1. If you count only protein heavy atoms with a 1.4 Å probe, what accessible area per residue comes out for the chain, rounded to a whole Å²?
2. Just report the Cα centroid separation between the range 148-211 and the range 64-104, whole Å.
3. Using just the helices of the chain, give the 222 nm mean residue ellipticity in deg cm²/dmol: DSSP H runs with n ≥ 4 each add -39,500 (n - 2.57), and the total is spread over all residues, rounded to 500.
4. With springs only between Cα atoms under 10 Å apart, run a GNM on the chain and tell me which of V173, V162, V82 wobbles the most.
5. Please check which bits of the range 169-190 a label hung off S59 would reach, taking the label as a point 7 Å along Cα-to-C-beta and the cut-off as backbone N under 15 Å.
6. Report Rg/Rh for the chain, rounded to two decimals, where Rg is the Cα radius of gyration and Rh the Kirkwood radius.
7. Sort 183-191, 67-75, 97-105 by packing, meaning the average of other beta carbons within 10 Å per residue, with the highest value first.
8. Of the residues F192, F87, F172, which exhibits the maximal mean-square fluctuation in a Gaussian network model of the chain defined by a 10 Å Cα contact cut-off?
Amino acid sequence: APTVTAPKPGHVLVQAPAKTITSAQIAARCRAAYTALESYRGTSTVTSRSMPVAGGTTSEYHTSVNIEFVRPGRIHAEGTDVFGHPFAFVSDGVGTAYQANKDVWKTLPNIALAMGAVTGSAQNAATTVPALLLTSSLVTDTLALTGSFWIDEKTFLLRRHVLDAQTAATSFVIAGSKHDMPATKSREDQRFTNERLNEAIPDSAFTLPPS
């Protein structure tokens, strides 16, 4: 046990303050935790709500995606977008393929384009974790750790991400008719569950389908 020396008469014993960690350091450790993983399996689900700033009906959407990953760059994701349509993308580390609504598979130049194809319609469910796992600058440059994050104090992996946004009122014309869109506010609430880390994943998970 450590020895504690009592202060001399007239002296005050001052303890050093506990070391704190900044939000930037937490974000850096979070990124490093994903980079250190050799494999990852997990589910990302998003609930999005939007409503006019002035009040009115709230719209709610749900998306979900299952992700499999093996370092350095093999990844497979399958999920549903805000319309309930299925989507999938897969990369064997060299080639990339993407499928929307069970249509024919399309070959894409890189995984960033596959992720970008569903970033909006899947409300980032298929973007956040893949971007943290993949170290290619094509992917990591598109990810900004903004909003509010809940991070596991032991693993430093994400547990939840909430992003609040507000859009200004706008107008547009379709077929000669003007349409006004009110200012809206939205919340995107993403959860990360069913995670299995550094387990063996068969090569067949990353086989590119015929396009």
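The values are calculated or read from the model by the stated rules, or taken from the named source; none is laboratory data. Predicted model, so just to flag it, every value in this text is computed and none were measured. Because the Cβ atoms are built from the backbone with ideal geometry, glycine has one as well, and the counts that use them run over all protein chains shown. Each accessible area value is taken on the protein alone, full model and side chains, heavy atoms only, with ligands, DNA and RNA left out. Shrake-Rupley method; radii C 1.70, N 1.55, O 1.52, S 1.80 Å.
1. Spelled out: the 1.4 Å probe surface of the chain, per residue, equals 60 Å².
2. Cα centroid to Cα centroid, the span is 14 Å.
3. Taking each H run of at least 4 residues, the total per residue is -4500 deg cm²/dmol.
4. Most flexible of the set in this elastic network: V173.
5. 169-172, 179-188
6. 1.14
7. Order by mean packing, descending: 67-75, 183-191, 97-105.
8. With Cα springs under 10 Å in the chain, the top fluctuation among F192, F87, F172 is at F172.
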